[in-house]
Each structure stands twice: as structure tokens, then as C-alpha cells.
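Only one structure is covered here, and it is reproduced in the block below.
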Amino acid sequence: MKQLSVDHLTGIVDLTRQDIELILETAARFKEVINRPIKKVPSLRDITIANVFFENSTRTRLSFELAQKRLSADVVNFSAAGSSVKKGETLVDTVNNILAMKVDMVVMRHPNPGAAKFLSQKIKARVVNAGDGTHEHPTQALLDAFSIQERLGSVAGKKIVIVGDILHSRVALSNIYCLQKLGAEVMVCGPSTLIPKYISELGVRVSHNLREALEWCDVANMLRIQLERQDIKYFPSLREYSQQFGLDKTLLDSLSKEIVIMHPGPINRGVEISSDVADSPQSIILDQVENGVAVRMAVIYLLAAKIER
Ligand code: CP
């Protein structure tokens, strides 16, 4: 059996192209499984996984839990709200207490960049990063790549623009690493205040003109403005942002070719994307959510193969 080169998934930055391709191939097999009448395989009956969420989540949390249950793993869920974290317990103490209950893998979302990597260096269990602050969201990038491959046949050679709040986005950074490793060209587009100054050093193009960016690309990944991470004003108003960087049907239909529309969610309808674009046949937003389960099954299955049993 082919194996990943890593023992934890803390960021796409650590993966090789071969790792990413192995995850996507494995996800394709699991997508067949979850479309069968019996959507479950017994592969991880001997594994216990803790989902440890210190930040809100809908898609990632449900998707990981479903993926684990489809693999027959035992699952425990922990959220910071209502836990002893509020009484001053450290991250490592919290997780070590969970591990004392014989947990083999920890899936963690945390507001601090680097939290997943830090944890992976402190504990024996496998660690999967479900989003660490503004840093990385590796499984989102993997499911995005899987969805592009499914719709367009491949990622290599495709042009993908990521539009919006790049500065605060973990989805953007993980997508840039993942898409480039698979041979795509990447552009970021948004107001100059929401594009990090160093970004071109990652080999991405930069545009501040949405129409120009959309005319260039095969796929547009529309990101939400992350107001919860903004402590100063980066643009005059949401209305002005929407006028310059929001994608509506008039703009989409006026382009010289048909492009694919993506969004990691949660969507702010009427801000970065209009409802008729989000719900249009060009949108693969719900395919991304569906593919999230198969991709997370693949990640968990491949990391579990590296646990000594
Ligand atoms: N895409 C994503 O991470 O969504 P959630 O915050 O709902 O998990």
C-alpha cells in the first residue's frame, strides 16, 4: 500500500505532489463507497478519533465526523464552549487529558496559527489541522482540488483565481500551495489592503480588477470577508466592496467564456457572491461540500495506516 510522506496533516506546505495525488486517488475510491446504499466500510473499527474544535464550524466539523463514521471509527467531539478550557487549562493539557482516554487521532480547529503543528510535536496521536487561524486549512484545499479535477478533468494547467479577503484567509494559503503543487496557475484578486504584501513571492499573480481576473481564469474561488478577524477597517463599506469585488450574474454572463464558480463557505449572499451565481449551474459549491466527506475519509484512512497497531 502506498503511504503518505507525513505522519500528521498540519499543512499543505508539508505535502509532496505524490502525497496530494495519493489523497485524491483514495478520495475517488471513497466517493464511490459513500454513494452506495450501504455507505460504510469497517476499515477503522480499531481507531478512536477526537474532534477538538476551539472555533465555530459547520461544514468541516460535520464532514470530519461523517467521514470518521463512514470508516467505522469511534468518535468523540469536544468544543471549547462548555469545556474546562474556560477555567484556564492549556491546549496540551486539554488534549493530553483526551488522549488519556486512548484516542489515536486528533482533528483540531484552533484560532492560533501553528497550533496544529505545535500539538503534533507534543503528543503521540496523529494530528489533522481543521483550520489554524489565518494560516492553513489543508483539507479544504484538498477537497477544492478534488472538485476542480472532477469538473474539469485535471488541475494541472488550469488557471484559478482566489477572490476576496486573502490577508485573513487560511483557505487561500492552503489552496495556493495545493494548486501550484498540482501544476495550476494561481492569481489572487481583491482590494490592495486585503492582499498580503509578500504574496507574489509565492509565485502567484495579483490583480485588483475583478473583471480582468475573471477573464483570465478557468475557475473563480470566491472568499468571504472575514470580519471576525479584522480589528481595523480595510475598505470603506461592505456595499462598496460588493460593487467592486462581488460576483453577480450580470458580470458572470458578460464574460467571454464559461468559468467554474467555487466558495468554501460560509457564503455571505449579496456580498462576495449573489444568490443567482451561488445557485447557478456554473457553481460547484455543494459538490465541494459533498467531496469534503470523501477527501476527509482519505486523509484519515491514510494517516491511520501510519499508526502502530
Ligand atoms: N469551509 C469551512 O471551513 O467551513 P466551516 O467554517 O463551516 O467549517
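Quick notes on this structure:
- For segment 8-46, trypsin sites (Lys or Arg not before Pro) meeting the loop criterion (DSSP other than H, G, I, E, B) and having at most 13 other Cβ atoms within 10 Å: Lys39, Lys40, Arg45.
- Around Ala278: net Lys/Arg minus Asp/Glu count, Cβ-Cβ under 13 Å: -2
- Sequence-separation-based contact order of the chain, relative, with Cα cut under 8 Å and 6+ spacing, percent: 21 percent
- Accessible area (Å², per residue) of segment 138-288, counting only protein heavy atoms and a probe of 1.4 Å: 41 Å²
- With 25 Å as the limit on Cα-Cα distance, the pairs of Lys158/Lys306; Lys40/Lys306; Lys40/Lys124 that go past it are Lys158/Lys306; Lys40/Lys124.
- Prolate/oblate/rounded call for segment 160-296, Cα gyration tensor, a/c under 1.5 rounded: rounded
- Low-density loop cleavage sites - trypsin sites (Lys or Arg not before Pro) in segment 219-307, where at most 10 other Cβ are within 10 Å (DSSP): Lys233, Lys257
- Rounded percent of accessible protein surface that carbon and sulfur make up, the chain, 1.4 Å probe: 50 percent
- Selection from Leu66, Ile123, Ile20 lying farthest towards where the dipole of segment 1-159 points positive, charges on Cβ: Leu66
- Loop-located GluC sites (Glu not before Pro) in segment 241-309 (DSSP state other than H, G, I, E, B) with a sparse environment of at most 11 neighbouring Cβ atoms within 10 Å: Glu258, Glu308.
- Local charge for Lys86 was computed over the other residues whose Cβ lies under 15 Å away, with Lys and Arg +1 and Asp and Glu -1, and equals -2.
- Against the chain, whose longest principal axis comes from its Cα atoms, helix 285-304 is set at around 30 degrees.
- Taking a straight line from the alpha carbon of Lys69, these aspartates and glutamates sit under 13 Å away, with near neighbours fewer than eight places off in the same chain left out: Asp46.
- Over the residues of the chain, the helix contribution to mean residue ellipticity at 222 nm works out to -11500 deg cm²/dmol, using -39500 (n - 2.57) for each DSSP H run of at least 4.
- For segment 71-114, the solvent-accessible area with a 1.4 angstrom probe is 52 square angstrom per residue.
The values are calculated or read from the model by the stated rules, or taken from the named source; none is laboratory data. Here the structure is a predicted model, which is why all the values come from computation and not from measurement. All Cβ positions, even for glycine, are placed from backbone atoms using ideal geometry, and neighbour counts span all protein chains on display. For accessibility, only protein heavy atoms count, side chains too; no ligands or nucleic acids. Shrake-Rupley method; radii C 1.70, N 1.55, O 1.52, S 1.80 Å.
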